């Protein structure tokens, strides 16, 4: 018996910001000269992103007088401390999370919220206690005895671990209805140290939330979760990291991440398929976490896939940017809505600190 994803909902903050406006903000924040401004523009031009979302409107402004979060000066000094960033997270994460759940459960019976037996929250961009899980129980009027699990600080692959946990729950309890809520406010953690890693990170990340309902009984249009596989690469441990600093969480993201994925994803795919008891010919579609354009291209090259295999991943990247753990769920939602994958097995990957590769085999009903 396998569990299934029966519904996915998504939401974003109200501030939809053009990538060109974010470039102007970043070039000013880094106080770049003409040469380095041109280098930064090249990164933005080739990121494959048109828009990103943020709980902070300031990224759309070039005049510091318009700022409402950062200090109103060109240097943004004193730079915003972690405490203030976490206060905004506590205020804003719940709102985006609730909207994603409403989108997920719309059209269901009025008592669906009371039917939820388990709640799994996912986030690597903020924390507090009593936390997002309890706030969701109260805001959504879930049962107070709803069992809660929090998956934190696992980066872009966190939602896969939530799906895996939900699968375990449903296999143990056929009557379970598991609600997963992934919410990431990545832009709260903008860092202005003038490094190439920060240039790249600040060109990619965005804010968003996704909610998933997981149940035991497959329905038409649902996605069965058939198999999971995880592997981390200790030799690439230092290529990606996420650390709590005095001015927010600090990302380590080197240019070698996509190269490491390109080198290792093919043998990892072979081991995943062996674990699932399948061969590559049984895979009819792909759902790859769009951590960046280079990551998608690395997977395509290593697995000899056409660019069209990642159509929905490129769409999500272009329209939303990288929303960390929520992003893969945005991709799966689009695949569900398309109606193009009935009966097909989907091979899915997400990547994060470790360097960790989380994979799963899904099947669309």
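The values are calculated or read from the model by the stated rules, or taken from the named source; none is laboratory data. Worth saying up front: this structure is predicted, and the values here are computed from it rather than measured. Cβ atoms come from the backbone with ideal geometry, glycine included; neighbour counts cover every protein chain shown.
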(request) Could you tell me whether any residue of the stretch 290-310 is closer than 30 Å to residue 86 by Cα and assigned to a helix (DSSP H, G or I)? (result) yes
(message) Kindly evaluate residue 128 against the criterion of being touching a helix residue (DSSP H, G or I) at 6+ places or on another chain (Cβ under 8 Å) and in a loop (DSSP other than H, G, I, E, B).
(response) yes
(message) Kindly evaluate residue 329 against the criterion of being modelled with pLDDT under 95, in contact with a helix residue (DSSP H, G or I) (Cβ under 9 Å, 6 or more places away or on another chain) and either within 29 Å of residue 185 (Cα to Cα) or buried (at least 22 other Cβ atoms within 10 Å of the Cβ) (or both).
(response) no
(message) Please go through the stretch 40-62 and give me each residue that is in contact (Cβ under 8 Å) with a residue 40 or more places away in the chain and not in a loop (DSSP other than H, G, I, E, B), ordered by number.
(response) 40, 43, 44, 51, 52, 53, 54, 57, 59, 60
(request) Go through the stretch 128-140 and give me each residue that's touching a residue at least 24 places away in the same chain (Cβ under 8 Å) and crowded, with 17+ Cβ neighbours inside 10 Å. (result) 132, 135, 136, 140
(request) Within the stretch 63-89, count every residue that is in contact with a helix residue (DSSP H, G or I) (Cβ under 7 Å, 6 or more places away or on another chain), touching a residue at least 40 places away in the same chain (Cβ under 8 Å) and not in a helix (DSSP H, G or I). (result) 2
(request) Could you list all residues from the stretch 294-309 that are surrounded by fewer than 19 Cβ atoms within 10 Å (Cβ to Cβ) and either under 19 Å from residue 158 (Cα atoms) or touching a residue at least 40 places away in the same chain (Cβ under 8 Å) (or both)? (result) 302
